[in-house]
Amino acid sequence: MVDTSPSAAPADRLGRPLRDLRISLTDKCNFRCTYCMPRELFGSEHVFLPRTALLSFEELERTVRLFVPLGVRKLRLTGGEPLLRRDITTLVSRLAAIEGIEEIALTSNGSLLTADRARALADAGVSRVTISLDALDDDVFSRMNDVQFPVERVLEGIDNAAAAGLRPVKINTVIRRGVNDDQILPLAAHFRGSAHVVRFIEFMDVGATNGWRLDEVLPSASVIERIHAEWPLEPLDRNYAGEVAQRWRYADGGGEVGVISSVTQPFCGGCTRLRLSADGKLFTCLFGTAGHDLRSRLRSGLDDRALAQWLGDLWRGRSDRYSEQRSEHTVDMPRVEMSYIGG
Ligand SMILES: C[S@@+](CC[C@H](N)C(=O)[O-])C[C@H]1O[C@@H](n2cnc3c(N)ncnc32)[C@H](O)[C@@H]1O
Ligand code: SF4
């Protein structure tokens, strides 16, 4: 019997426990969001991972089992576009059956979330979904996703998730100043009163190809100011320690919005997250430059005890707070792509 009590779990060098494991299921995507997977990338030598490089369902299940005694309670399946991973529902059922796992969330662009798919995922054990949508206007959305994907179909995906019981849906909106900041009020208006929660995310300097510039970051404080001027807002407490979004509610009872201020107000202090890339590299920080190779250890015949020791040591040795140090130390550091590591 595994010891799943929180006291058995190690803290990192800054005293942070491990709680969330974000698993990227593929580095592929059917969108080409300009802030994440820009089309230009494909003109160069970018090569997607071959199938054999991806962790298998058996390997993922074993990894999650080993992580539970180390503190992991929440899983988030992401990518690339996680719904491109064949048979994802089977994987979800296998992960949901692991003792100690309390929540399985999914982050998706919503394009493949049909009513049947949403129901199957909910039945298999997904408890929450976050769907990314950067605009309500089709022209602006096309400019963001760069594959002419219509807004309407993402809205359908959101409805399908809600109808399957995956409520409330969180909507992730990355704001690039001058590109889609005119969509803040339309998006807020659209989802006010729907019980879904839009979270406006500052454009982050992840990856090496998205042409990030500080002047394209619209600080969350400005997002809140703009919404507040239209519909007064009041701050809300965090739902749980380590929550990355700052929450606000409409004073008139229209629900909630959030902001994720990863650039202007980094939040490393409460970071309980570990990321696993699709090819089995563990990243102790979104801004980590090199992953720790789990896949070769999984495939080298290491037994569970040795593997668990290695995983525990990895977390115990963690001292990353790159987001807070970014301006001082990380300007010239190589950066891993968001589509590879999983947002
Ligand atoms: C990498 S995507 C993967 C899951 C799925 N394809 C999706 O778009 O939701 C996860 C999240 O990261 C966000 N993201 C990607 N690049 C970003 C960037 N440069 N700055 C801020 N957020 C980013 C996306 O908007 C999305 O909400
Ligand atoms: S943000 Fe999501 S949908 Fe957009 S390119 Fe990246 S992985 Fe694909």
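Among the listed residues Ala245, Ala278, identify the single one that is in contact with a Gly (Cβ under 6 Å, 6 or more places away or on another chain) and either surrounded by 17 or more Cβ atoms within 10 Å (Cβ to Cβ) or touching a residue at least 24 places away in the same chain (Cβ under 8 Å) (or both). Going through Ala245, Ala278 in turn, the sole match is Ala245. Exactly one residue out of Asp87, Asp137 is acidic (Asp, Glu), at pLDDT 95 or above and over 17 Å from Val174 (Cβ atoms), and it is Asp87.
For (1) more than 10 Å from ligand 1 (Cβ to nearest atom); (2) out of contact with any helix residue (DSSP H, G or I) (no Cβ under 7 Å at 6 or more places or on another chain), each residue gets a yes or a no:
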position	(1), (2)
Lys170	no, yes
His190	yes, yes
Val198	yes, no
Glu202	no, no
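Filter the range 102-126 down to the residues that are β-branched (Val, Ile, Thr) and assigned to a strand (DSSP E or B), then identify the one that is nearest to ligand 1 (Cβ to nearest atom). The qualifying residue nearest to ligand 1 (Cβ to nearest atom) is Thr107.
Scanning the range 193-218 for residues that are hydrophobic (A, V, I, L, M, F, W, C), surrounded by 12 or more Cβ atoms within 10 Å (Cβ to Cβ) and outside any loop (DSSP other than H, G, I, E, B) turns up Val197, Val198, Phe200, Ile201, Val217.
When Asn210, Asn180 are checked against the criterion of being among the polar types (S, T, N, Q), within 14 Å of ligand 1 (Cβ to nearest atom) and either within 24 Å of Ile341 (Cα to Cα) or modelled with pLDDT under 95 (or both), Asn210 stands alone in meeting it.
Considering only residues that are away from ligand 1 (no atom under 14 Å from the Cβ), in a loop (DSSP other than H, G, I, E, B) and in contact with a helix residue (DSSP H, G or I) (Cβ under 6 Å, 6 or more places away or on another chain), which ones fall in the range 127-149? Working first, answer last.
Step one: list which residues in the range 127-149 are away from ligand 1 (no atom under 14 Å from the Cβ), which gives 127, 136-140, 142-143, 148.
Add one more test, that the residue is in a loop (DSSP other than H, G, I, E, B), and what stays is 127, 136-137, 148.
Correct list: Leu136, Gln148.
For the range 57-101, which positions are farther than 22 Å from Asp12 by Cα and in a loop (DSSP other than H, G, I, E, B)? Selection gives Gly79, Gly80, Glu81, Arg85, Arg86, Asp87, Ala97, Ile98, Glu99. Residue check: is Glu102 charged (D, E, K, R) and touching a residue at least 24 places away in the same chain (Cβ under 8 Å)? Yes, satisfied.
Within the range 152-161, not a single residue is part of a strand (DSSP E or B), aliphatic (A, V, I, L, M) and crowded, with 17+ Cβ neighbours inside 10 Å. Scan the range 32-59 for residues that are away from ligand 2 (no atom under 16 Å from the Cβ) and in contact (Cβ under 8 Å) with a residue 40 or more places away in the chain and the total you get is 3. Of all residue pairs spaced 6 or more apart or on separate chains, those with beta-carbon atoms under 6 Å, a first member in the range 207-227 that is within 11 Å of Arg177 (Cα to Cα) and a second member that is surrounded by fewer than 20 Cβ atoms within 10 Å (Cβ to Cβ) and at pLDDT 85 or above are Glu216/Arg177; Leu218/Arg177; Leu218/Asp181; Pro219/Thr264.
The values are calculated or read from the model by the stated rules, or taken from the named source; none is laboratory data. Nothing here was measured: the structure is a model prediction, and the numbers come from that model. As a convention, Cβ positions derive from the backbone with ideal geometry for all residues, glycine included, and neighbour counts pool all protein chains shown.
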